[in-house]
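The structure under discussion appears below in the form of structure tokens.
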Amino acid sequence: MLTFSNGVKLYMTGGTSTTKQMAEMADMEIDYAFYRCDGVYNMGLKEAARCAEPVEAKHNIPYHNSTSNRGEMFDRDLPLDYFLIQLYNLLRPYFLRIAVRSSSYACPCGS
């Protein structure tokens, strides 16, 4: 736990899950408690909510949250989707030029 010169007390769980010491933390009068919630290597959001009860901090803040609804730390499809969207936006003007040029030509397949 960190106590700043202005008296603000901050607690960060780091890489952990529920600990027996959390039950003793209410007496510390913590202002901000940060709970690492990736749901893979550390507690998930539900466990963090259970941990927040005995700690009794004034403000409870989850961090390092999962971006996936499958309980994975990272949504591996997200970077690929982002890359493909960026690639499409980059190449879109070229696709439009090709479409305009090819529209004046008859298709060799007869359609």
Next item on the list: Could you look through the stretch 24-48, keep only residues that are surrounded by fewer than 13 Cβ atoms within 10 Å (Cβ to Cβ) and modelled with pLDDT of 90 or more, and pick out the one that is nearest to N60 (Cα to Cα)?
Entry: E29
Notebook entry, point to check: How many residues does the stretch 42-60 hold that are basic (K, R) and part of a loop (DSSP other than H, G, I, E, B)?
Noted result: 1
Checklist line | Subset of the stretch 1-38 (residues that are of a type in the set (S, T, Y) and in contact with a Cys (Cβ under 7 Å, 6 or more places away or on another chain)) | finding: T18, Y35
Margin query: Just to be sure I understand, how many residues within the stretch 49-67 are surrounded by fewer than 16 Cβ atoms within 10 Å (Cβ to Cβ) and touching a Phe, Trp or Tyr at 6+ places or on another chain (Cβ under 9 Å)?
Written below: 6
Notebook entry, point to check: When the stretch 9-41 is examined, which residues are found to be part of a helix (DSSP H, G or I) and among the hydrophobic types (A, V, I, L, M, F, W, C)?
Noted result: M22, A23, M25, A26, M28
Item checked: Single condition T16 does not satisfy, out of (1) over 21 Å from the mean Cα position of the chain (by Cα); (2) surrounded by fewer than 16 Cβ atoms within 10 Å (Cβ to Cβ); (3) not aliphatic (A, V, I, L, M) -> (1)
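The values are calculated or read from the model by the stated rules, or taken from the named source; none is laboratory data. Note that the structure is predicted; figures quoted are calculated from it, not measured. When we count neighbours, we look across all protein chains shown, and the Cβ atoms used for this are built from the backbone with ideal geometry, even at glycine.
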